[in-house]
Amino acid sequence: MFTRGTPPGSVRRQFHRNPVRKSLSGTPPTFLFSPLRTSSLASRSNSTRVPSQSPAESVNYYDVQTFGSSLPVKVMEALTHAEPDDHISVKVGESGWAWMVCGELLIIWKICQTVVAKLCVCKELQLPLSEHEYTADLVAIGSPGPLETAPVQSISVLAVAPEGGARYWASLANEGNYIEAELSLGDLCNFVVAVKGATFVVSSSSNQLLRVSVESFRRLGSRALQRGQGMLSGISKRVSSLFGMTAPPTNETLHSMVWACKAGCLYTLTSSSVCRWEVEESSEQQTLSWNSRCSLNESIADAIWGSESNYEEMKEGVNVSYLDMKLSQSGLVLLVAAWHSLDTPCIAYFCLVTLQDHTASVFDHITLEVTKHTAPFQTEEALRTTRLVVPNPGSTAFLYTPGLVFACSTGTGRGGPPDEKIPFSAPGDCVCGGGCCDDLPIFFSKNSGLVAVVARETVSILPETMEQSLSSSFTIPPEVFMMETPTKLEAIAHENKTQMLKAAFLQFCRDGPLAVQVMVDELFPPEAGGEGEEGAELDDAVIRINLDLVDDYPASDPRWAETVPKESVCFNQSSLIIYHQLEDKLKAHLCLMDFLLQTGLLQRLGQIKVRGAPMATRLLLCEHAEMLRAALALKSRQTKHSELVNPAIAAALRLSGAVGLPSLTPTDIFFREVSQVSLVFECLLEEERSLIANSDDSAQWTETVLNVNNIIKDMLQAAVQYRESSASLYRVSDMNLEPEFIPWTASGVVRGVISRQHEVILRSVYPYANSELRGVLCEQLVDLLDLYLGGYVAQLASLQPRTQGRPIAAKHDRYNALELEYCQRRSELIAPLLELGQYQWVATLSEKFCDFDMLVQMCEQSHNLQRLEHYMTKFADQNFSDFVFRSYIAKGQRGKLLSQSSAHHDQLATFLQSHQHLSWLHHILVHDYKSAHETLQSQANGETHYFSKKKTLLALSKLSALASDLKQSQLRKQLDDIVEQERFLLHQETLPKQLLKEKDLDSHTMPLLTPHDLITLYISEDNTSANEYDFKKALDLLEYIKEEDGVDTEALKLKIFATALKKDDWCSWDDGDDPLEPARDTLFVKILFKLIQEGVSLQAYLPDAKELLDSELLIGFRSTPYFEFVLRANYEHYLKVQI
């Protein structure tokens, strides 16, 4: 988000301008700002007011104080003997060492914190002769250990003349003992820094870098630093440009070189790039070459001149020059100057760019701040006299020239003293150099020596003039603030508690948390916790204060004078520009968050009702800041798309019932009440619908939809990016009991807006757009869908309780219902892109939101099996392969399923555990015959429906067992079990064909029959051709009936024999003396013969003759005595025969 504007001095603006800040990644600063504490600098130095600083009385926010003890005698003598035009250059190191170059004299000293300066180390060294002027940048000191504690004997010094002559002192204790060498730099030397291993890096103005170290025989050796050896060095120029990387141009100039000791990295700043080397003891590797010219120049021009009506023509004439670079806790801070040669007068604007270096290939977060410091442009070389000092934590920077120090914000903090110019214009005085020590900005004044620029302790961290107006808004008498006991506060009404909390907030901004902690605890006692009426009061008071901040009236604008309510907070914002008013509101909000955090109130906040549902108060605070970010994004788009934004704003005001005023524009009124900013979304769509309906030009439709997409996208992205990057600011220790979080960017209104826009893009615009515009439309649509689905993700995450930082599955119906809704909407929104063949965007969304089914469909539809293989590897821990395998099964593509590469065999095996009908095939393919046998046997044992299937499974199981590596004993046991089951199946397989036909059974499709069913079939009357073999099979089947089947096997055996007797006409025989002869050919006797042949004991096996005669089946034979005679005679005969 850039704000266009021009600093003071420009002929285009007559108003006072606040600095412009932009977070290029779209994410706001996330650094916490702690108010200044009352403390003494004596712990760090003997600090006194600088008496010789004539303009000190004009300093409003900073004090200039001496730092350390008085200067060493050698330094003072050098200053005394120096001619007025002698060039003096000083550098102050974080280690507490400083050095001064005066002509060819080098003085190095340790900055002392004692009054007795003579106790400090101070050494005077002679530099090599040179025709050019020396600077302190051409000298570096190093040691094997930390410089802060290193003894003077272990400190080495390297000084390099501009022409390349190097002089090295191995020990600062022996200033007369040094070695020399000539370095081949190809140009004038401009920087020397100490790095690891007591080695140095020397640079030339043409960006030639040498690693200098002491070799054997006390010889000074050097070698060039290797370039382009990082992990992305092999990619093409075209691809590298996507990462902001580039090969170093041959004509670039080196402007700064910084050593990051903790990270072990060396950074260089040239006229076109920022490079990084990872430095080891004896080697180095370039890991980054970032094209700053490509990435930053246009953004800087846009921030300064972007509001000009002819900006598109002007930006070609903008010049950008990189001046200096420093390292802080916030990241790398670049000092950049920009000017336009056609401006009259030509003014140079100074900008600060903060690069957060967290990744190996790019700077992932960039903040741009256009400072208020300007200078008439003369020459680019004159601009280089402006240097930079950035003390930790990096929220404040100090620009300095020989005549002044300018204090300003880097844009990465959340408050601080306002910008201020501190002149060093006393006779004979100038700033000769500077640096940081003890996290303070230290400068060397020619008249005063080392001085520190320190913020006054009583400066408020609120934006300019807010503090005074906040104080004037209170109705509670000042003496109430002095209450000391809780009993005195009991009389304060509920509405006054909000006023008292405002008072505490104001005092916090000036004096820090210690000064207000008692007041806060008395207002809202900690023992009350965050529950009950007391907790609700705290939530209500905090939200009311924050709403007053974000919806504040710009009382400094005279047009609002008669409109501001008397009860308004009235922060009296100093800026008349809406964009800067919004920035100031965000600053005030961040100060409030700091107040809540440091006083412990943030942890005690509970929940409050918003949009008809409960919401954590801390998240509502964040929501207000998100709306400020969204409003800033909308304001940035207003000028460019006024034909859309202005009518939408007017419609939003009508929707909210806001009353217009003659002296105020709809824009003034709308951006004042930031908490209603979301009303503009539906109004934008209505304006879009109107413009499309009133035009027949498809090109105009497309342009309108593109512009609306950009506005909605920018607003929502600004809000979401703030929420994500600032999450730590609003985090509390226990979030388990918080209600469901529905972000305002995922409310029903916003989701409805995106859904409608999804339909408009695909149905009304996309079919009529050319290929180039289709690509842009799809990209915008994907951005909108990303926001839409991201809202669901945040909502689902809030329903997942956390234990020890790890999410566990939610156990309530709400989560499951929402997850189902999310998955359905996800598929519905992405599927149209797949139908259009927009595979790139389908992949983008599906990868981010884990729509693996859609990724599988995309790869199948595009026949991109290589990409499918990539996903199976990339998302292996999320079981992506299961989605692939399920797709193959659903489509019946078993060949594809089983032809997976060896890399996915384990995944396939795991998946097939729940698909055993296929897993045995996989086992055979990977030659795991034992597992195949076990799986097939398990399948066969569980098969109860189909005869043929069970038979096949048993046969395959037997083959797998024979091919396996089972031990012989195990193999025999397994085979015996299979053979036994096959023997049973043989009874069904040998059913007479005539019987099968009679029962309408097919041998290939008939069901698996039970032993009882088979017995019934074998002895049934339908088996007209039944013989002794059929009945013997029926008897054999009795062995397969188990007790759990609930069948009386003895009764069934009796039935089998009785049925066999019925097969012959025993009553038709004539009475005879031989009962054996007529029965010899009966079925019953033939069965007895079979039993005798197989060695069955008839005595034990046959049912009792009386039981047989009493069988209901033989009731027709009971009237024939001859039948009983023949049966008993045969019983007797065959029983004796067997004996």
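The values are calculated or read from the model by the stated rules, or taken from the named source; none is laboratory data. None of these values were measured; they are calculated from a predicted model. Don't worry about glycine lacking a Cβ; one is built from the backbone with ideal geometry, like all the others, and counts go over all protein chains shown. Note: areas computed on protein heavy atoms with side chains; ligands, DNA, RNA excluded. Shrake-Rupley method; radii C 1.70, N 1.55, O 1.52, S 1.80 Å.
Annotations
- Considering (1) touching a residue at least 40 places away in the same chain (Cβ under 8 Å); (2) surrounded by fewer than 12 Cβ atoms within 10 Å (Cβ to Cβ), the lone condition that Thr1059 does not fulfil carries the number (2).
- Residue in the stretch 1069-1082 that is crowded, with 19+ Cβ neighbours inside 10 Å and charged (D, E, K, R) present: no
- Within the stretch 575-587, the set of residues being modelled with pLDDT under 90 and of a type in the set (A, V, I, L, M, F, W, C) comprises Leu576, Ile577, Ile578.
- Checklist (1) open to solvent by 10 Å² or more (accessible area, probe 1.4 Å); (2) in contact with a Gly (Cβ under 8 Å, 6 or more places away or on another chain); (3) aliphatic (A, V, I, L, M) applied to Ile366, failing item: (2)
- Just so you know, in the stretch 178-218 the residues that are part of a loop (DSSP other than H, G, I, E, B) and in contact with a Lys or Arg (Cβ under 9 Å, 6 or more places away or on another chain) include one that is most open to solvent (accessible area, probe 1.4 Å), and it is Tyr178.
- In the stretch 1103-1139, the residues that are in a loop (DSSP other than H, G, I, E, B) and open to solvent by 20 Å² or more (accessible area, probe 1.4 Å): Asp1104, Asp1110, Arg1118, Ser1119, Thr1120, Ile1139
- Among residues of the stretch 587-610 that are at negative phi and open to solvent by 40 Å² or more (accessible area, probe 1.4 Å), those with a Cβ under 8 angstrom from a residue that is at pLDDT 90 or above and of a type in the set (S, T, N, Q), sequence gap 6+ or separate chain, pair up as Gln607/Thr617.
- Taking the criterion of being of a type in the set (D, E, K, R) and buried (at least 17 other Cβ atoms within 10 Å of the Cβ), the residues of the stretch 422-453 that qualify are Asp429, Asp438, Lys446.
A quick yes/no check of all residues on (1) within 33 Å of the chain's Cα centre (by Cα); (2) of a type in the set (D, E, K, R):
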position: Lys635; (1), (2): yes, yes
position: His641; (1), (2): yes, no
position: Val645; (1), (2): yes, no
position: Leu661; (1), (2): no, no
position: Ser678; (1), (2): yes, no
position: Leu685; (1), (2): yes, no
position: Arg689; (1), (2): no, yes
position: Asn694; (1), (2): no, no
position: Trp701; (1), (2): no, no
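- Being closer than 22 Å to Val389 by Cβ and open to solvent by 20 Å² or more (accessible area, probe 1.4 Å) is a property that does not hold for Lys315.
- Pairs where the first residue, in the stretch 647-666, is hydroxyl-bearing (Ser, Thr, Tyr) and the second is assigned to a helix (DSSP H, G or I), C-beta under 7 Å, 6+ apart: Ser656/Gln676; Ser656/Leu679; Ser663/Arg559
- Filtered residues of the stretch 270-306 (kept if in a helix (DSSP H, G or I) and open to solvent by less than 10 Å² (accessible area, probe 1.4 Å)): Ser292, Leu296, Ile300, Ala301, Ala303, Ile304, Trp305
- From the list Glu175, Glu163, Glu133, the lone residue that is in contact with a Cys (Cβ under 8 Å, 6 or more places away or on another chain) and open to solvent by 40 Å² or more (accessible area, probe 1.4 Å) is Glu163.
- Among residues of the stretch 436-453 that are closer than 13 Å to Thr396 by Cα, those with a beta-carbon under 8 Å from a residue that is of a type in the set (Asp, Glu) and open to solvent by 20 Å² or more (accessible area, probe 1.4 Å) at least six positions away or on a different chain give the pairs Cys436/Glu94; Val453/Asp63.
- Residues satisfying the criterion are absent from the stretch 422-432 (criterion: touching a Lys or Arg at 6+ places or on another chain (Cβ under 8 Å), part of a loop (DSSP other than H, G, I, E, B) and under 23 Å from Cys265 (Cβ atoms)).
- Residues satisfying the stated conditions in the stretch 952-979, i.e. surrounded by fewer than 19 Cβ atoms within 10 Å (Cβ to Cβ), farther than 14 Å from Tyr929 by Cβ and at pLDDT 85 or above: Ala955, Gln968, Ser969, Arg972, Lys973, Asp976, Asp977, Val979
- Residue match in the stretch 730-742 (condition: out of contact with any strand residue (DSSP E or B) (no Cβ under 6 Å at 6 or more places or on another chain) and in a helix (DSSP H, G or I)): yes
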